[in-house]
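What follows draws every value from the coordinates through simple rules; no lab data is involved. These numbers were taken from a predicted model, which means no experiment stands behind them. Note: ideal-geometry Cβ built from the backbone for every residue, glycine included; neighbour counts use all protein chains shown.
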Amino acid sequence: MRLSPSLSRRALLPFAAAVALLATGVTSVATAAEACGSVITAPLAPPAPADEPCPSTDPVVCRIRVMPMDEKVEAQRTRIRYHGLLEDMHRTEADMRAAGATEEEVARELVEMRNQAKEITRAGMTPEEVRILEERNQAKYGNPLGPTADQLYAKYGSWEQVGAAAMRTSYAVDRELSLEYRPCPV
């Protein structure tokens, strides 16, 4: 059976994307029970029509939904790199606690690391993608990178919760990119 050239390309694109992601060496999946870090949960969804209403209130999710497949693959790679930076945060937290740091010191360091992770991740994005993220954060937090440690403390009332918030990832964005973040054991 011979496939038409356009059908053949459509069939090969998800396969090529999967091979490219595996070749990055960022994600290692032995079994679903053992997997940690960035876990690919499904093939990326094809782009939604631009005129179709977005079911999410998150502008980042809405932007991802309509991206051409090659841009979605790159967005997924970027998100995997971001998850890797979250793993660095988990190790730093463990090291700081072992060294006797206070909850406030740990939380402030984690918030700073998260903001650095955002800057690093955004360096690989288009100016339009960065603009959308920064506008959302500026409107919500008054800061293009997101909330400060003090804003999070005012919101949550404890430095433990600030540290936990700094290491969370957006479930909606991860899901749109067919990913799940599972912290690895430290």
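Points to keep in mind about this one:
- Distance between the modelled labels on ALA139 and GLU112, one decimal in nanometres: 3.1 nm (7 Å Cα→Cβ projection).
- Whole-number percent relative contact order across the range 75-186, with pairs defined as alpha carbons under 8 Å at least 6 apart: 35
- Near the amide H of LEU179, within less than 5 Å, lie the amide hydrogens of THR41, all on another chain or at least 5 residues away, with H placed in the peptide plane.
- Shown is the FRET efficiency for ALA45 and ASP150, computed with R0 = 41 Å from the Cβ-Cβ distance and rounded to the nearest 0.05: 0.60.
- The length gained on full extension between MET69 and GLU104, counted as 0.36 nm times the residue separation minus their Cα-Cα distance, comes to 8.4 nm.
- Centroid-to-centroid separation of the range 160-186 and the range 36-54 [C-alpha atoms, Å]: 17
- Net charge, MET167 excluded, C-beta distance under 12 Å - Lys, Arg +1, Asp, Glu -1: -2
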